[in-house]
Amino acid sequence: MKSETPPNGHTPQPPAPEREFTMRFTSTPRGARLARRLVSHRLNDWGHPYTTPVNETLTLITSELTSNAVHHGHVPGRDFHVRLTLAEDTFRIEVTDTRAEKRPPANPPTPDSLSESGRGMPLVAALADDWGVSPRQSAPGKTVWAELHVRTKGHPLTHRVATEPTDVDLLLATASLLRDDLGSRPEDASQGGRRR
């Protein structure tokens, strides 16, 4: 993690967004899936089609952050919030939940190859140009955010190379799962989420 709340408690404010999408979701697996799909749809509307690296990368980051909000930030009866912005060629995704004490580690450990969990934050750290955790401004809780720098034509500014072949395999497998997920694109949802 490259950024964390400074000792004085003031988080640097990102520049004013040129584009913004904000929505509240139920803190359930279904809410996390809907958030991921709507972020992908919004990116498509903003000129980054579904199969582009920017859309796939931010959708994957959103999936991991919203899943963590549901599994580790859930408080009964409380929702989580998603905010996607674009400002000065930088996309920023923020996921806010109401559980302040459950923060991701500053340096996510590499998960055991046999473990079925623990891959979310290492994946976010590998894909994002920057990420961090900030206290929620208006109520108890936290915001976990990630940024991706892009060129105007929609290609990431940085070229990421996985440190181990297993990381590449994981990224490819996860991206494939996102593409194959039922109803992962709005046009699929119009058909009732059924494959034909």
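Let's see if you can work this out: charge +1 on each Lys and Arg Cβ, -1 on each Asp and Glu Cβ, no other charges. What is the dipole magnitude of the stretch 57-98 about its Cα centre, in debye to the nearest 20?
On the way: 3 positive and 6 negative charges, 28 e Å.
Dipole magnitude for the stretch 57-98 comes out near 140 debye.
With θ set to phi - 60°, apply the Karplus curve 6.51 cos²θ - 1.76 cosθ + 1.60 along the stretch 52-58 and write out the HN-Hα couplings as whole Hz, x wherever there is a Gly or Pro.
For the stretch 52-58, the Karplus-derived couplings read 7, x, 5, 5, 5, 5, 5 Hz, x marking Gly and Pro.
Please give the peptides 33-46, 56-69 ranked by average Cβ packing (other Cβ atoms within 10 Å per residue), highest first, as a rough proxy for protection.
Numbers: 33-46: 20.4, 56-69: 24.2.
Listed from highest to lowest mean packing, they are 56-69, 33-46.
Just need the relative contact order of the stretch 34-105 here, percent rounded to a whole number, with Cα pairs under 8 Å and 6+ apart. Don't skip to the end; give the middle numbers.
Working: 76 pairs, mean separation 18.4, N = 72.
It comes to 25 percent, rounded to a whole number.
Find how much the distance from Arg136 to Ala87 grows on full extension, using 0.36 nm per residue of separation minus their present alpha carbon separation; answer in nm with one decimal. Each step should come with its number before you reach the end.
Working: separation 49, 0.36 × 49 = 17.64 nm, distance 2.10 nm.
Gain in length upon complete extension: 15.5 nm.
At a probe radius of 1.4 Å, what is the per-residue accessible area of His149, in Å² to the nearest 10?
Its heavy atoms expose roughly 60 Å² to the probe.
The values are calculated or read from the model by the stated rules, or taken from the named source; none is laboratory data. Remember, it's a predicted structure, so these values are computed and weren't measured experimentally. Ideal geometry is used to build each Cβ from the backbone, glycine not excepted, and the neighbour counts take in all protein chains shown. Please note that ligands, DNA and RNA were not included when accessible areas were found on the heavy atoms of the full protein model with its side chains. Shrake-Rupley method; radii C 1.70, N 1.55, O 1.52, S 1.80 Å.
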